[in-house]
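Please read the structure below before turning to the comments.
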Amino acid sequence: MARVPNKVALVTGAAKGMGRSHCLRLAEEGADIIALDFCKQKDDVKYPMGTADDLAETAELVKKQGRRVLTSHADIRDLEALQGLVAEAVDTLGGLDIVVANAGISTVGHAWELSAEQWQAVVDTNLTGTWNTIKATVPQLIEQGRGGSVVLVSSVAGLRGFPGMGHYSATKHGIIGLMQTLSQELGPHNIRVNTVNPGLINTDMSMNPTLFKQFMPDNPNPSEEDIAAIYKHLTVLDIAWLEPVDVSNAVLWLASEEARYITGISVPVDGGQLVRA
Ligand SMILES: NC(=O)c1ccc[n+]([C@@H]2O[C@H](COP(=O)([O-])OP(=O)(O)OC[C@H]3O[C@@H](n4cnc5c(N)ncnc54)[C@H](O)[C@@H]3O)[C@@H](O)[C@H]2O)c1
């Protein structure tokens, strides 16, 4: 039996990486999908962001599961665009049940050395963009009166600091504060709100030369094998990184009836990174 049968799920940052994986895992388990992504490269982000082709591929993969999909090149920093998309999606797909606020960016730098622009870019996308996603979707969930599940994507960096990630970590901590508040505000509406907190996941955000250099400043050309040896020391389990589907399985669980009384929690999916740190 499907675990999210005939639910409608909105996923931000859906073109690639974990966002695509969340779309597919939810579709495999019976959900129709609203897949949105900015589909543009930001100059300050030093790894490839999603493209229009990537988002189209996500949509094709969802359709192969026999589910309906609506795509949009919306930017989560644009509240009006998100509100318009939600209104259109509700008309087309008949409502909204699951919200996965996944889109995010990462840049690196010591907290005191970041430019004001670097700071603002990460705050605007990761924190304000997540709040925009909530502001655009939650009124619909409340109005429908059929409950819902909101999953905010934080990070292990939302539960502790990491050198070179002060701005990122601040936004991911902020997302947990937002979740803990919203879970109390929305409980009476039977809308559950939780975070997932990924560790090192095999996507471009964690698997890119700029970040590799952060870990290995003396290695002029660090390879994936070099970084695997380092990442392996960060986890308790005998792995260097996790796959996107590992996080999607936690998202799916939180979205499903199996978690019907789970709200206000943060779920690390990190191979034991936090317990080791
Ligand atoms: N990869 C990791 O190791 C890791 C660890 C912890 C948390 N996370 C978090 O997980 C989430 C997904 O990360 P990922 O690793 O899949 O990254 P990714 O870069 O592969 O995918 C992120 C997607 O978000 C989209 N996006 C970025 N800014 C956007 C905006 N303003 N509006 C709409 N879409 C936008 C990008 O185009 C991209 O397709 C992020 O919130 C990230 O911070 C990642």
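Quick notes on this structure:
- Any hit, segment 87-96, residues being over 26 Å from F162 (Cα atoms) and within 16 Å of the ligand (Cβ to nearest atom): yes
- Some residue of segment 188-209 being in contact with a Lys or Arg (Cβ under 7 Å, 6 or more places away or on another chain) and either in a helix (DSSP H, G or I) or crowded, with 19+ Cβ neighbours inside 10 Å (or both): no
- Selection status of Q184, modelled with pLDDT of 95 or more and either loosely packed, with under 15 Cβ neighbours inside 10 Å or of a type in the set (D, E, K, R) (or both): yes
- Residues of segment 232-277 that are away from the ligand (no atom under 15 Å from the Cβ) and part of a loop (DSSP other than H, G, I, E, B): H233, V236, L237, D238, S256, R260, Y261, I262, T263, G264, I265.
- Qualifying positions in segment 226-261 - surrounded by fewer than 14 Cβ atoms within 10 Å (Cβ to Cβ) and of a type in the set (S, T, Y): Y261
- Taking residues in segment 71-99 that are within 17 Å of S149 (Cβ to Cβ), and partners anywhere that are charged (D, E, K, R) and part of a strand (DSSP E or B), the pairs with Cβ atoms closer than 7 Å and at least 6 places apart or on different chains are L93/D32.
- Checked against the criterion of being within 11 Å of the ligand (Cβ to nearest atom), of a type in the set (K, R) and in contact with a helix residue (DSSP H, G or I) (Cβ under 9 Å, 6 or more places away or on another chain), the candidates R77, R68 yield just one match: R77.
- Residue within segment 42-50 that is buried (at least 18 other Cβ atoms within 10 Å of the Cβ) and among the basic types (K, R) present: no
- Qualifying positions in segment 92-116 - outside any loop (DSSP other than H, G, I, E, B), of a type in the set (A, V, I, L, M, F, W, C) and farther than 14 Å from M18 by Cα: L93, I98, V99, A116
- The residue list A74, A81 contains one member that is of a type outside the set (F, W, Y), part of a helix (DSSP H, G or I) and closer than 17 Å to T125 by Cβ, which is A81.
- Odd one out for H173, checked against (1) under 23 Å from K7 (Cα atoms); (2) under 16 Å from the mean Cα position of the chain (by Cα): (1)
- Residues that are more than 16 Å from the ligand (Cβ to nearest atom), part of a helix (DSSP H, G or I) and buried (at least 18 other Cβ atoms within 10 Å of the Cβ), drawn from segment 137-181: V138, Q140, L141
- If you go through segment 1-54 and keep only what is away from the ligand (no atom under 11 Å from the Cβ), among the aliphatic types (A, V, I, L, M) and over 14 Å from A103 (Cβ atoms), you end up with M1, A2, V4, V8, A9, L24, L26, A27, A31, I33.
- Checking each residue in segment 107-131 for being of a type in the set (G, A, S) and more than 19 Å from V151 (Cβ to Cβ) picks out G109, A111, S115, A116, A121.
The values are calculated or read from the model by the stated rules, or taken from the named source; none is laboratory data. What you see is a predicted model, and the numbers here were worked out from it, not measured in a lab. Using ideal geometry, Cβ is built from the backbone for each residue, glycine included, and neighbour counts are taken over all protein chains shown.
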